[in-house]
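*Asks:* One structure, as structure tokens, below. Some questions next.
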Amino acid sequence: RRPNSSWVFKGFTDDFAIELFEIREMFEMRSALAFTRVPADSPLWPRLRAIRAEHERLLAEIDTRFHDFSDLDNRFHRLVHEAARNRFIEDFYDVIAFIFHYHYQWNKVLEKHRNRVAIIEHLDYIDALFDRDAAKVETACCRHLASARETLLASLAPDAQQVAEAALTAVGQMPK
């Protein structure tokens with residue numbers, strides 16, 4: 001931050017990515033656990049059902065529609081954040097979404113596979129939310145965020161293709 005002025009973006013470094021991701025993890029977990037306490041008659045539940053159906057359709061058409069994932073991902077995470085009923089979380093997600101989605105546009109390495117994995121993780125996460133089981137939600141949320149963190153950090157490496165493939169191979173998710 002400049003004294004008495006605005007912020008200056010000095011680049012997307014590993015440290016910056018990790019700091020930003022830590023905030024994302026805190027906000028996401030708080031929001032996900034809040035979702036488990038949303039009343040049964042809340043309008044969030046039908047919206048979550050609709051988002052789940054969109055995930056299933058996109059997964060079935062992943063070969064031709066994998067570019068459509070960013071919008072669906074954004075809408076899903078925004079819906080989860082609504083449960084926290086915290087304007088700062090919702091506003092900060094604008095920053096997170098812009099940086100992460102914009103950064104992922106730079107790196108097209110294994111995009112289709114990365115999106116397929118994320119959809120499957122979202123479906124598990126959504127099912128845990130419907131179960132209203134805090135332990136299941138925490139597990140699904142942590143799994144998805146760990147995967148997203150690895151993808152982001154791998155994309156920052158000088159040889160992103162090799163690093164991404166090595167990371168996916170290490171967790172048993174390398175496409176065949």
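All of the numbers you see were taken from the coordinates with simple rules; none came from a lab. Note that this is a predicted model, so its numbers are computed, not measured. Don't worry about glycine lacking a Cβ; one is built from the backbone with ideal geometry, like all the others, and counts go over all protein chains shown.
*Asks:* Among 86-96, 21-31, 71-81, what's the highest-first ranking by average C-beta atoms within 10 angstrom per residue?
*Replies:* For the peptides 86-96, 21-31, 71-81, the packing ranking is 71-81, 21-31, 86-96.
*Asks:* Hey, with R₀ at 25 Å, roughly what FRET efficiency would residue 90 and residue 49 work out to, going by the Cβ-Cβ distance, to 0.05?
*Replies:* Efficiency for this residue pair is about 0.75.
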